């Protein structure tokens, strides 16, 4: 599948409604480690905290027409690695945006920070997410328990960059 060109920008408080809609999508909630719907007040408080936290990076991706297609969030871990979280807009799923979203965000992360190790965690039934991260070059680290769930742990090897994996350079 061809790499889709996306533009990324840092999320702002003006993205609150968009991110709330994406986060409360029933498919997103089912694949989440916290499957309950999110209350608006909780979401606003969470986003305000995340945007103020220098160890969190949230990007909004748009396609070439300027339409938002998804978000990527990186949270710094105590060991200096990051955990990645991705949501693709419902109307954009199945169109190849997931892998492009991950790749573009990783390239941005690697070009602007010293971070080189990225972890992804997926529920075993979230096969679309598992495929996205495998296409982006993540390798399986097995299954672990996280927040009361068994999840698949994938890691991007530190010597790889997303551009090398997807574009074959």
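Could you list, in sequence order, all residues of segment 128-143 that are in contact (Cβ under 8 Å) with a residue 12 or more places away in the chain and part of a strand (DSSP E or B)?
139, 140, 141, 143, listed by residue number.
What are the residue pairs meeting all of these: first residue in segment 144-159, first residue under 15 Å from residue 125 (Cα atoms), second residue part of a loop (DSSP other than H, G, I, E, B) and modelled with pLDDT under 90, Cβ atoms under 6 Å, and 6 or more apart or on different chains?
Qualifying pairs under 6 Å: 149/33.
Output the residue which, of all residues in segment 66-102 that are more than 20 Å from residue 56 (Cβ to Cβ) and within 13 Å of the chain's Cα centre (by Cα), is surrounded by the most Cβ atoms within 10 Å (Cβ to Cβ).
Result: 100.
I'm trying to understand the selection: among the residues of segment 139-169, which are modelled with pLDDT of 90 or more and surrounded by 10 or more Cβ atoms within 10 Å (Cβ to Cβ)? Walk me through it before giving the result.
Step one: filter segment 139-169 for residues modelled with pLDDT of 90 or more, giving 139-145, 150-156.
The answer is 139, 140, 141, 143, 144, 150, 151, 152, 153, 154, 155, 156.
Is one or more of the residues making up segment 54-77 more than 23 Å from residue 108 (Cβ to Cβ), without any contact (Cβ under 8 Å) to a residue 40 or more places away in the chain and out of contact with any strand residue (DSSP E or B) (no Cβ under 8 Å at 6 or more places or on another chain)?
Within segment 54-77, not a single residue is more than 23 Å from residue 108 (Cβ to Cβ), without any contact (Cβ under 8 Å) to a residue 40 or more places away in the chain and out of contact with any strand residue (DSSP E or B) (no Cβ under 8 Å at 6 or more places or on another chain).
Mind listing whichever residues of segment 27-55 are part of a helix (DSSP H, G or I), loosely packed, with under 13 Cβ neighbours inside 10 Å and more than 17 Å from the chain's Cα centre (by Cα)? It would help to see each step written out before you state the result.
In the first step, residues of segment 27-55 are kept if they are part of a helix (DSSP H, G or I); the result is 27-31, 40-52.
If we keep only those that are loosely packed, with under 13 Cβ neighbours inside 10 Å too, we end up with 30, 40-42, 45, 48-49, 52.
Hits for segment 27-55 are 40, 41, 42, 45, 48, 49, 52.
Mind listing just one residue for me: the one in segment 85-101 that is touching a helix residue (DSSP H, G or I) at 6+ places or on another chain (Cβ under 6 Å) and part of a helix (DSSP H, G or I) and, of those, nearest to residue 23 (Cα to Cα)?
Per the criteria, the residue is 98.
The values are calculated or read from the model by the stated rules, or taken from the named source; none is laboratory data. Predicted model, so just to flag it, every value in this text is computed and none were measured. Here the Cβ is made from the backbone with ideal geometry for all residues, glycine too, and neighbour counts use every protein chain on show.
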